[in-house]
Amino acid sequence: MKLNLFIHAANCISPQRTFLSNGWMKNLLLSENNQLLFIEPDYQPYINSGSIRRMSRLIKTGLAAGMQTWFDADNVPLDGIITGTGRGSMTDTEAFLNDMLRLDETALNPTFFIQSTYNSVSGWLALFTKSNTYNQTFVHRGHSFEWCLLDAFLFAEKKDRPLHILIGSFDEMTPDYFFVKNKIDYWRKEEVSNTQLLNAPKSQGTIAGEGASFFILSNREKTESIVVKSMALRNGFHEEAVQSMMEEVLGDAGLDWQDIDLIISGENGDQDLDAIYSGVWKNLKTKRPVIIPFKHLCGEFDTASGFATWLGREILNTQQIPDTIPLPGGIAPKEIKHVLIVNQYFQLQSSSILLTKL
């Protein structure tokens, strides 16, 4: 689907130094126990002290990322707030369920339940930005962020005035969730560092991650805008689906493979999933695109494509690929104008997003 959504501001809180950092990920921060947990920022500039005490780390992180993105866009009046999450606040959900067991379903504290709802972040953002316009939250596992993009496009399509929409995605990892998903082989049984994730001997599973990524999107471009040009979604993940997905994205944008400078690939170290990626890259119609990974930076989670979109936007803006990302042959493109993101979430959903520098 052709989107043409212009990114006016973006921020990301992740397991790397990506938030309000001039370092541009110069040093790779390492995983522990097969988990990459985001670096919590100073919440004081965004949330008052009374509210901070009552909020879980995910809600605080989502608010900080969203508010900073709004500040970066000069506090522009918002026409909509759209968020996506695969799991919402797992900390609050688990606390509420544990209280149900501990208190035998009596005298429960409603705070955990209220803040465990998926739309808590978008609700708080509406309050803090004094926005009473369109407000939506999508919960579609590995397509949660992509549905934010699609909804923003449908909302802004054919409007005869400039619109500004705050969209974002967020997910967190908890010890209980890590333990449960480890039972069905989501994560590596043996401990592996994210520095060796893609080079270690192949086995089943990957490393867990989390993060929050927010964007101000508009239907009007600014000087040297980055535009979300097109997007395609598929249920499942296999070579034919990925190939048709990428061809659809290029066709909608009026491009061919010779135009693509960089592919940001969702390889995560899982032997079965990475074999599918390898098969797709071998069958590319051109050898031109440089292919780089990103999940050794953020780990695997439902809305990792939000991190990839933030990363693609930063690469297009700076025309630089961080040293923490391995380059095949060590050679970066001379000029980066078109970036194609290809991602999947545990073979349940896959997506491709095209970013272009105008």
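Just so it is clear, none of the values below were taken in a lab; they were calculated from the coordinates. Computed from a predicted model, the values in this text were never measured in an experiment. Here the Cβ is made from the backbone with ideal geometry for all residues, glycine too, and neighbour counts use every protein chain on show.
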Of M231, P77, L127, farthest towards positive along the dipole that unit charges on Lys, Arg, Asp, Glu beta carbons give the chain: P77
Estimated inter-spin distance, N182 and V76, nm [label 7 Å along Cα→Cβ]: 4.4
Helix-derived mean residue ellipticity, 222 nm - over the chain, DSSP H n ≥ 4, -39500 (n - 2.57), to 500: -10000 deg cm²/dmol
Length added when fully stretched, I52-K159, from 0.36 nm per residue minus Cα-Cα: 34.8 nm
FRET E, pair L327, W257, Förster distance 25 Å, beta-carbon r, rounded to 0.05: 0.85
Counting all C-alpha pairs of region 227-357, share separated by more than 23 Å (%): 23
Distant-in-sequence amide H partners of S203 (H built 1.01 Å from N, under 5 Å): Q271
Kirkwood hydrodynamic radius of the chain, from inverse mean 1/r over distinct Cα pairs, in Å: 20.6
Rough spin-label spacing in nm, given labels placed 7 Å along Cα→Cβ, for K285 and M100: 5.2
From phi via Karplus (6.51, -1.76, 1.60), per-residue ³J(HN,Hα) for region 201-206 in Hz, x at Gly/Pro: x, 5, 8, 7, x, 9
Förster-model FRET efficiency, 22 Å R0, K337 and L20, C-beta, rounded to 0.05: 0.20
For the chain, with +1 on Lys and Arg beta carbons and -1 on Asp and Glu, the positive-most of T61, S89, Q204 along the dipole: T61
Total charge dipole magnitude, region 1-91, about the Cα centre, Cβ charges on Lys, Arg, Asp, Glu only, Debye to nearest 20: 260
Mean Cβ count within 10 Å, highest first, over the residues of peptides 325-336, 137-148: 137-148, 325-336
